Amino acid sequence: MSLIDKLSALNPFSKKEEVLEYFFALNIGTEKLTAALWTIGKKQLKILETASGNYSSLTDLPHLTDKLLDAVLGIREVEPQKILFGVPSSWLSDENLKEECLNILRHLVKELELTPMAYVETAHALVHWLEKTEGVPPTAILVGFEPHHLTVTVVRAGKLDGVKVISRGDSSGIDIEKALLTFTSVETLPSKILIYGSSVEGLKNQLLSYPWMSKLSFLHFPKIESLPDEVDIKSVCLAGASEIEGEIYYKETA
């Protein structure tokens, strides 16, 4: 199965002279939207701008998305016509978008007068990003933080074991443990926890002091690392760029 579905194979680049085409991307989290403006130049993904905002209802999506797309465009004199979507695992059933979620995206592109390129499950995009940047299929626990929710993804050798979204409580360690205890089919958990999202640097020391070995099936105390800022939307852009251009690379810039 292709990483992303229903993406046109049309290559917008001239053989004689590279003509950049600009694209939008929108990652839909449990309560957070992140937009990006991106393009491809000389086999390299270039993310020009990102912007994000929280939402409380799906009815907020058109207005907030319009606001975020304006923010990433800024004063640039470009007019992207296509948008790529990152969607949460809860929007999928048997690897296809649920009908009600597909209707949300249809309404969104109609309101914004944009052409939908494709959608990619954010968890799959993150795994792809890790494999491209680290050079090997990842084995890790990914924990994405939003203000009131966290998303826990278990991946082994580049394959998803599952994704769990729970409400945040007073202790992030307890929250993550609670989510991991639902992965009953996983005999041994990966001994690496990669955190990303809202205020993760402040959470790192708290998680390093949590007693992970008391209830969970780790072989040894997990290593805890933080991923780059806005890694979810960057992953979605990289998935789209890889499908358009094939061999593509992305380099983090300061």
request  = Hey, can you tell me all the residues within the range 94-115 that are assigned to a loop (DSSP other than H, G, I, E, B), more than 23 Å from L48 (Cβ to Cβ) and either hydrophobic (A, V, I, L, M, F, W, C) or without any contact (Cβ under 8 Å) to a residue 12 or more places away in the chain (or both)?
outcome  = D94, K98
key: Residue tally, condition closer than 20 Å to F24 by Cα, surrounded by fewer than 18 Cβ atoms within 10 Å (Cβ to Cβ) and of a type in the set (K, R), over the range 82-110   = 2
ask   = Within the set of pairs 6 or more residues apart or between chains, which connect a residue that is more than 11 Å from D232 (Cα to Cα) inside the range 123-138 to a residue that is surrounded by fewer than 22 Cβ atoms within 10 Å (Cβ to Cβ) and aromatic (F, W, Y) with Cβ atoms less than 8 Å apart?
value = K132/Y249; K132/Y250; T133/Y250
message = Based on this model, can you work out whether S235 counts as closer than 23 Å to T30 by Cα and open to solvent by 20 Å² or more (accessible area, probe 1.4 Å)?
response = no
Scan of the range 24-51 for residues that are open to solvent by less than 20 Å² (accessible area, probe 1.4 Å) and acidic (D, E), ordered by number = E31
ask   = Can you tell me which residue in the range 52-77 is surrounded by the fewest Cβ atoms within 10 Å (Cβ to Cβ), limited to those that are hydrophobic (A, V, I, L, M, F, W, C) and closer than 18 Å to V109 by Cα?
value = L58
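Counting just the residues of the range 116-135 that are of a type in the set (V, I, T) and part of a helix (DSSP H, G or I), which one comes out surrounded by the fewest Cβ atoms within 10 Å (Cβ to Cβ)?
Here the answer is T133.
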remark   = Residue hits (the range 205-254; closer than 26 Å to T184 by Cβ and touching a residue at least 60 places away in the same chain (Cβ under 8 Å)) are P222
request  = Specify the residue that is nearest to the chain's Cα centre (by Cα); the eligible residues are those in the range 87-120 that are farther than 20 Å from L69 by Cα and of a type in the set (S, T, Y).
outcome  = S89
ask   = For the range 190-224, what are the residues that are open to solvent by 80 Å² or more (accessible area, probe 1.4 Å), closer than 19 Å to R168 by Cα and small (G, A, S)?
value = S199, S209
request  = Starting from the range 167-186, keep only residues that are over 12 Å from L216 (Cβ atoms), then list their pairs with residues that are basic (K, R) whose Cβ atoms are within a distance under 6 Å, requiring at least 6 positions of separation or different chains.
outcome  = D175/R168
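The values are calculated or read from the model by the stated rules, or taken from the named source; none is laboratory data. Quantities reported herein were computed from a predicted structural model and do not represent experimental measurements. Quick reminder, even Gly has a Cβ in these numbers, built from the backbone with ideal geometry, and neighbours come from all protein chains shown. What goes into the accessible areas is simple: the full protein's heavy atoms, side chains included, and nothing from ligands, DNA or RNA. Shrake-Rupley method; radii C 1.70, N 1.55, O 1.52, S 1.80 Å.
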